[in-house]
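Undergrad: Pasting in a structure now, in structure tokens, and then I'll have a few things to ask.
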């Protein structure tokens, strides 16, 4: 290989382009001076060597912006950035502006682990807002527990976990799966077909679902269970199997990009919300339906509302919720990200993360992880778009579950809501062997 | 998951309903067959005729798909009256775009690496990463879908309970048409003659006046163009994202190698075999087990017969 002048110049130009990293963002103010420095001196608020200066504190973001999970996780990134911007505009936390270091997990669990190490050990961030799939959370959990970091995890998940170093902003199984199945049972469904993507969350959720259906729902049974790899795009055989078994309720936990292929192929096979509702349940009450816990407005943006109309999702938040907090939140989100932006349940939960962290820090008067963890239970966020949330001792949130019906424009219509706030119970008796 | 005998599990079904479901299952297998065939067609031309390992094949698929998505959005915004007919035009455009990118890539990069197959592997892998990030910059990281014209949506119901998805029929006809087209192109056209001559003996082909460099470039570009058409066809039943290509590349190579690289008939047979096997196994067991069993079978057959299903005799 001969290094001609032409080749070297081209290489240097390419290198220069790479080095032109887009600097800064508009979420935090430059050249900020802390007005409360006397009240919260750095030496007092940070005794463990975190990335805290007199005027700034640095946090990390660890989501997948590439790969099959990007369809779901980009909303979380956007929501967290909006929350941090709003906190900064209100004066920051302990008078300091919050700076963000964002890393890409690339839908690859070992990458999540590696980036978590980088954020905690090298960047020494005060908190990390990240992860979406349970697999990514399990991959980074050892890192956070060893380095004593803080993770704010936004997604609804299967429960069976309550780490000191993680705050779970999403629902766990009893708040989402069990309540949702009870609703389906009330609609008259007696036979259930469980399916999902092939990793820990759908499998554990369906295990909990199966226990609930067979043990606690009288006269109900599971007629089938199937899993397909993440990123799979061919569901025709599964759809034929479902037609064969003809369940009352299709309980679907298809995650990420596969959602698009799944709904499009359902539509092509003639299974729509309407066609299901016309068929009678085995109990004689009501029509058949499909209930998912993993398809939110984010995924429908990619699927197309016309392919999803008439199916149901169980979540704690929908963009169409009619309360003043949510109206302000949606307006602020669209102002920052464009009028066609959509907000799913996980994005809203991610939005709560920075706020809950900031309030916990203010209550503790310190950035030290141990002090924040001690101060967090009982912290309340009344301006939450879903209404009102409170941190429980087990680091989960009290919340109300809702059932939304998918509409053709990509939004949801709330058709049922739990009367009271459901207490989070990540280790429900009778569901763990 | 226990292998429930099918008849025990369907108590309460009429015989004709079972017949309907088996017809639909057979058709699902044919749909998967068309998907595999479309993916592998472009690759069999490039890998088979030129022995170039094109790791960027999936990204050419994605390029074709994104062209379709782009045109779909343009049509929707500016010329909504053209919605019903935009799709065939989009497929031709997808061919054109992928053809052009393939031509440029061949001219700039591949032609220097013909005698170094491992280097082409690395170089095309780099191209695939480059293309993936370009897509992410141009179109964003989220999944994008093309709006389907109404005649492609839904399904045909020849009888009550029998639903044949229209996009399955569309994929099948596209796959069959493209295969026949490429076959006749290779057998009857001037380009096909040049390609076959170059394959047999490159030096003699050069000596009788065939511009082998030009032929190679044309072959690579046509292979990429075929990938573009496959990508456009895939928007009917799935979405496209910057990293969608990586989902297809492995299956494409398996189909091509199993069929005997360099042979269109071999590719057809291998695509059919693998698709039907996977589809039927998915029906009786679970999705993951079906894939594992199919792949294990392919490995065993390749160990017994490494040249694939139909070996091409090439004089060295």
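The values are calculated or read from the model by the stated rules, or taken from the named source; none is laboratory data. Fair warning: this is a prediction, and the values are worked out from it, not measured in the lab. Neighbour counts are summed over all protein chains in view; Cβ atoms, including those assigned to glycine, are modelled from backbone coordinates with ideal geometry.
Undergrad: Of all the residues that make up region A:67-101, how many are touching a strand residue (DSSP E or B) at 6+ places or on another chain (Cβ under 8 Å) and closer than 22 Å to residue A:372 by Cα?
TA: Looking only at that region, the number is 14.
Undergrad: Same structure, new question: Could you tell me whether residue B:298 is within 14 Å of another protein chain (Cβ to nearest Cβ), assigned to a helix (DSSP H, G or I) and modelled with pLDDT of 80 or more? Can you show your working first?
TA: On the way: within 14 Å of another protein chain (Cβ to nearest Cβ): no; assigned to a helix (DSSP H, G or I): yes; modelled with pLDDT of 80 or more: yes.
Criteria not met by residue B:298.
Undergrad: Another question, if that's okay. Within region A:74-91, track down each residue that is more than 24 Å from residue A:121 (Cα to Cα) and either more than 14 Å from chain B (Cβ to nearest Cβ) or buried (at least 24 other Cβ atoms within 10 Å of the Cβ) (or both).
TA: At the first step, the residues of region A:74-91 found to be more than 24 Å from residue A:121 (Cα to Cα) are A:74-75, A:78-79, A:82-83, A:85-91.
Scanning region A:74-91 gives A:75, A:79, A:82, A:83, A:85, A:86, A:87, A:88, A:89, A:90, A:91.
Undergrad: Does region B:256-285 hold any residues that are within 14 Å of chain A (Cβ to nearest Cβ), surrounded by 23 or more Cβ atoms within 10 Å (Cβ to Cβ) and modelled with pLDDT under 90, and which are they?
TA: Going residue by residue through region B:256-285, those that are within 14 Å of chain A (Cβ to nearest Cβ) are B:271, B:274-285.
Now restrict to residues that are surrounded by 23 or more Cβ atoms within 10 Å (Cβ to Cβ): B:271, B:274-275, B:278-279, B:282.
Residues satisfying the conditions are B:278, B:279, B:282.
Undergrad: Going through A:197, A:252, A:237 one at a time, which residue ends up being buried (at least 21 other Cβ atoms within 10 Å of the Cβ) and free of Cβ contacts under 8 Å to residues at least 12 places away in the same chain? Outline the logic, then answer.
TA: Numbers: A:197 fails: free of Cβ contacts under 8 Å to residues at least 12 places away in the same chain; A:252 fails: free of Cβ contacts under 8 Å to residues at least 12 places away in the same chain.
Being buried (at least 21 other Cβ atoms within 10 Å of the Cβ) and free of Cβ contacts under 8 Å to residues at least 12 places away in the same chain holds for just one of A:197, A:252, A:237, which is A:237.
Undergrad: Can you name every residue in region A:254-266 that is more than 7 Å from chain B (Cβ to nearest Cβ), in contact with a helix residue (DSSP H, G or I) (Cβ under 9 Å, 6 or more places away or on another chain) and in a helix (DSSP H, G or I)?
TA: Selection gives A:259, A:262, A:263, A:266.
Undergrad: Only one of B:128, B:173, B:115 is at pLDDT below 90 and either more than 10 Å from every other protein chain (Cβ to nearest Cβ) or surrounded by fewer than 19 Cβ atoms within 10 Å (Cβ to Cβ) (or both); which?
TA: Numbers: B:128 fails: at pLDDT below 90; B:173 fails: at pLDDT below 90.
On inspection, the qualifying residue turns out to be B:115.
Undergrad: Still on this structure, please answer the following. Just checking, does region A:347-366 include any residue being buried (at least 21 other Cβ atoms within 10 Å of the Cβ), touching a helix residue (DSSP H, G or I) at 6+ places or on another chain (Cβ under 6 Å) and farther than 30 Å from residue A:37 by Cα?
TA: Yes, region A:347-366 contains at least one residue that is buried (at least 21 other Cβ atoms within 10 Å of the Cβ), touching a helix residue (DSSP H, G or I) at 6+ places or on another chain (Cβ under 6 Å) and farther than 30 Å from residue A:37 by Cα.
Undergrad: Now a separate question. Kindly indicate the residue of region A:229-251 that is within 10 Å of chain B (Cβ to nearest Cβ) and farther than 18 Å from residue A:198 by Cα and also modelled with the lowest pLDDT among those meeting that condition.
TA: A:244
Undergrad: Follow-up question, since we're still on this one. Here's a check for you: in region A:279-319, which residue that is modelled with pLDDT of 90 or more and surrounded by fewer than 20 Cβ atoms within 10 Å (Cβ to Cβ) is nearest to the other protein chains (Cβ to nearest Cβ)?
TA: Per the stated criteria, the residue is A:309.
Undergrad: Out of the residues in region B:155-170 that are over 22 Å from the mean Cα position of the chain (by Cα) and within 7 Å of chain A (Cβ to nearest Cβ), which is surrounded by the fewest Cβ atoms within 10 Å (Cβ to Cβ)? Break it down into steps so the answer makes sense when it comes.
TA: Just the residues of region B:155-170 that are over 22 Å from the mean Cα position of the chain (by Cα), to begin with: B:155-163.
Restricting the remaining residues to those that are within 7 Å of chain A (Cβ to nearest Cβ) gives B:155, B:163.
On the way: B:155: 18, B:163: 24.
The residue in question is B:155.
Undergrad: Of B:65, B:141, which residue is within 14 Å of chain A (Cβ to nearest Cβ) and either modelled with pLDDT of 85 or more or under 25 Å from residue B:223 (Cβ atoms) (or both)?
TA: Working: B:141 fails: either modelled with pLDDT of 85 or more or under 25 Å from residue B:223 (Cβ atoms) (or both).
Only one candidate passes the filter, namely B:65.
Undergrad: Any residue that is under 30 Å from residue B:287 (Cα atoms), away from chain A (no Cβ under 12 Å) and at pLDDT 80 or above - is there at least one of those in region B:20-39?
TA: If we filter region B:20-39 for residues that are under 30 Å from residue B:287 (Cα atoms), which is where we start, we get B:20-39.
Retained after the next criterion (residues that are away from chain A (no Cβ under 12 Å)): B:37-38.
After this cut, where a residue has to be at pLDDT 80 or above as well, the list is B:37-38.
Yes, because at least one residue in region B:20-39 is under 30 Å from residue B:287 (Cα atoms), away from chain A (no Cβ under 12 Å) and at pLDDT 80 or above.
Undergrad: Could we say that residue B:164 is in a helix (DSSP H, G or I) and either farther than 20 Å from residue B:252 by Cα or without any contact (Cβ under 8 Å) to a residue 12 or more places away in the chain (or both) here? Explain how you work it out, then say what you get.
TA: Details: in a helix (DSSP H, G or I): no; either farther than 20 Å from residue B:252 by Cα or without any contact (Cβ under 8 Å) to a residue 12 or more places away in the chain (or both): yes.
In short, no.
Undergrad: Limited to region B:232-274, what total is found for residues that are in a loop (DSSP other than H, G, I, E, B) and touching a residue at least 60 places away in the same chain (Cβ under 8 Å)? Lay out the reasoning, then the answer.
TA: Of the residues in region B:232-274, the ones in a loop (DSSP other than H, G, I, E, B) are B:235-239, B:241-244, B:260-263.
Restricting the remaining residues to those that are touching a residue at least 60 places away in the same chain (Cβ under 8 Å) gives B:235-237, B:239, B:241-244, B:261-263.
Total meeting the criteria: 11.
Undergrad: Would you call residue A:383 surrounded by fewer than 20 Cβ atoms within 10 Å (Cβ to Cβ), touching a helix residue (DSSP H, G or I) at 6+ places or on another chain (Cβ under 7 Å) and in the same structural domain as residue A:167 (by TED's automatic domain parsing)? Let's see the steps before the verdict.
TA: Values: surrounded by fewer than 20 Cβ atoms within 10 Å (Cβ to Cβ): yes; touching a helix residue (DSSP H, G or I) at 6+ places or on another chain (Cβ under 7 Å): yes; in the same structural domain as residue A:167 (by TED's automatic domain parsing): yes.
Yes; evaluated as a whole, the condition is true for this residue.
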